[in-house]
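Comments concern the structure below.
The values are calculated or read from the model by the stated rules, or taken from the named source; none is laboratory data. Since the model is a prediction, treat every value here as computed from it, not as a measurement. Backbone-built Cβ (ideal geometry, glycine too); neighbour counts: all protein chains shown.
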Amino acid sequence: MELLENEQAPQIRSIWEEFHADKDDAVATTLGAEEFQALVRRAEAAPYFIFPVYRQEGFFNMLCQFQQSCFLVTYLEAFKENPSAAPPCVAVSLYDDLLDKKELTLVRADVINMLDKKESQLLLQQLLASYQDDKLYEHVDKFNNKPDQFDFEAYRSLLKDVLEPAAEA
């Protein structure tokens, strides 16, 4: 971190993302100060959510839980079987060491098991979008605070609409 403190935010962003680009077990991005603060505020208010991971012709679901500065992600079925013993598949850490001086937060998703790098990259995009995009966050909020109103298929449809234009850009 000390080495990064001497750099400007755009260079820090590049260094962080390039450092993780060739790693098979991690993906990374950065968030600005306002993005980070909004993400944490929303994650504290709605700490659980599910995300589809597409593989071949179908998908399976992952469950994330926000704790302090980390999202722990596990296989939903493992969580249903035994919540306290469900192994983490991905750990998304938010590093706010540079927040005060650079208005930048470093984000890293460590791939522990079950998912490959590409799936983990998409999962990280889904997670961030779901907590940052107002329409997607409505679904996260319902999942946590009004579960009887949560519609997973409506969320999946909206998620595709939000992420596909970003992928095409």
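Anything in segment 134-151 that is within 28 Å of R108 (Cβ to Cβ) and either among the hydrophobic types (A, V, I, L, M, F, W, C) or modelled with pLDDT under 95 (or both)? List them, or say none. I'd like the intermediate steps shown before the answer.
Looking only at segment 134-151, we keep the residues that are within 28 Å of R108 (Cβ to Cβ), and these are 134-141, 143-144.
Of everything in segment 134-151, those that are within 28 Å of R108 (Cβ to Cβ) and either among the hydrophobic types (A, V, I, L, M, F, W, C) or modelled with pLDDT under 95 (or both) turn out to be L136, V140, F143.
Of the residues making up segment 123-140, those that are of a type outside the set (S, T, Y), in contact with a helix residue (DSSP H, G or I) (Cβ under 8 Å, 6 or more places away or on another chain) and either in contact (Cβ under 8 Å) with a residue 60 or more places away in the chain or not in a loop (DSSP other than H, G, I, E, B) (or both) number 9.
Conditions tested, residue by residue: (1) surrounded by fewer than 18 Cβ atoms within 10 Å (Cβ to Cβ); (2) in a helix (DSSP H, G or I).
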position: A78; (1), (2): yes, yes
position: S84; (1), (2): yes, no
position: V92; (1), (2): no, no
position: K101; (1), (2): yes, yes
position: A109; (1), (2): no, no
position: L115; (1), (2): no, no
position: E119; (1), (2): no, yes
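Please note which strands (runs of 3 or more DSSP E) are completely contained in segment 1-72 and include at least 2 residues that are more than 16 Å from S93 (Cβ to Cβ) and of a type in the set (V, I, T). Spell out the reasoning first.
Working: elements: 26-32, 48-55, 58-67.
By residue number, 48-55.
Going by the structure shown, is E153 out of contact with any His (no Cβ under 8 Å at 6 or more places or on another chain) and either exposed (fewer than 15 other Cβ atoms within 10 Å of the Cβ) or among the small types (G, A, S) (or both)? So E153 fits the description; yes.
Just to check your reading of the model, which residue among F59, F66 is aromatic (F, W, Y) and under 13 Å from the mean Cα position of the chain (by Cα)?
Details: F59 fails: under 13 Å from the mean Cα position of the chain (by Cα).
Just one listed residue meets the conditions, F66.
Being modelled with pLDDT of 95 or more and within 19 Å of Q125 (Cβ to Cβ) narrows it down to one of Q37, Q65, so name that one.
Going through Q37, Q65 in turn, the sole match is Q65.
Just one residue in the set V162, V140 is out of contact with any Cys (no Cβ under 7 Å at 6 or more places or on another chain), surrounded by 16 or more Cβ atoms within 10 Å (Cβ to Cβ) and closer than 26 Å to A9 by Cβ; that residue is V162.
Taking the numbered list (1) farther than 27 Å from E34 by Cα; (2) among the aliphatic types (A, V, I, L, M); (3) at pLDDT below 95 in turn, A154 passes all entries but (3). When we screen L63, L3 for residues that are surrounded by 14 or more Cβ atoms within 10 Å (Cβ to Cβ) and aliphatic (A, V, I, L, M), the only hit is L63.
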